[in-house]
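Heads up: the structure comes next, in C-alpha cells.
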Amino acid sequence: MSMTAKEREPWDEPQKSPAKEVKTPQCCPWCGGEMRLGHLLAKGGGAVWWVQGEIEWKSKLIGPDPNQSLRVDDEGLLFTYKTAWYCPQCEKMAIDAAGMCPPYGSGEYTRKED
C-alpha cells in the first residue's frame, strides 16, 4: 500500500537543517578592535586549543591542526590550565593571550622563554 501525503506522519517528513546563526564580530573590551571568532576545543582531555572560525569534522575527530590553531593552556607545570575571567551579567569569558606562542605554521613561531 502506498501512503498519500495526508497519511504521512511528521517523522516521515524530511528534516531541514537549522539556519546557521550569524555571529557579528565583537569589539575588544580593552582596545576596541575587532575580535576574531573561534572556538575552544579540547580533544580527549588533552591540551586546550583556540581554533579560528568553525571547527571542522577532522578537528573534532583527531584534534586541531597545531599549524593553524593556538594552544591556550600555557600555564602550570604538571597540570596545564589557562586563567579566564567570566562575567555572569553579560555571560562572556575572556583570557589574556599575551605571551602565548602563535600557531606553528604562522611563520611567527618562536619558543616561549621561561
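None of the figures in this text is laboratory data; all of them are computed from the coordinates on show. Note that the coordinates shown come from a computational prediction; the quantities given were computed from them, not determined experimentally. Glycine also receives a Cβ, built like all others from the backbone with ideal geometry; neighbour counts cover every protein chain displayed.
Overview of values
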quantity: ³J(HN,Hα), Karplus 6.51/-1.76/1.60, whole Hz, each residue of the range 88-94, x for Gly, Pro; calculated: x, 6, 9, 6, 10, 10, 9
quantity: The range 26-104, relative contact order [Cα under 8 Å, separation at least 6], %; calculated: 21
quantity: Fewest-first ranking of Lys92, Lys43, Lys23, using other Cβ atoms within 10 Å as the exposure measure; calculated: Lys23, Lys92, Lys43
quantity: Packing rank of 50-57, 29-36, where each peptide gets the mean count of other beta carbons within 10 Å, highest leading; calculated: 50-57, 29-36
quantity: The range 26-104 - charge dipole about Cα centre, Lys and Arg +1 at Cβ, Asp and Glu -1, debye rounded to 20; calculated: 160
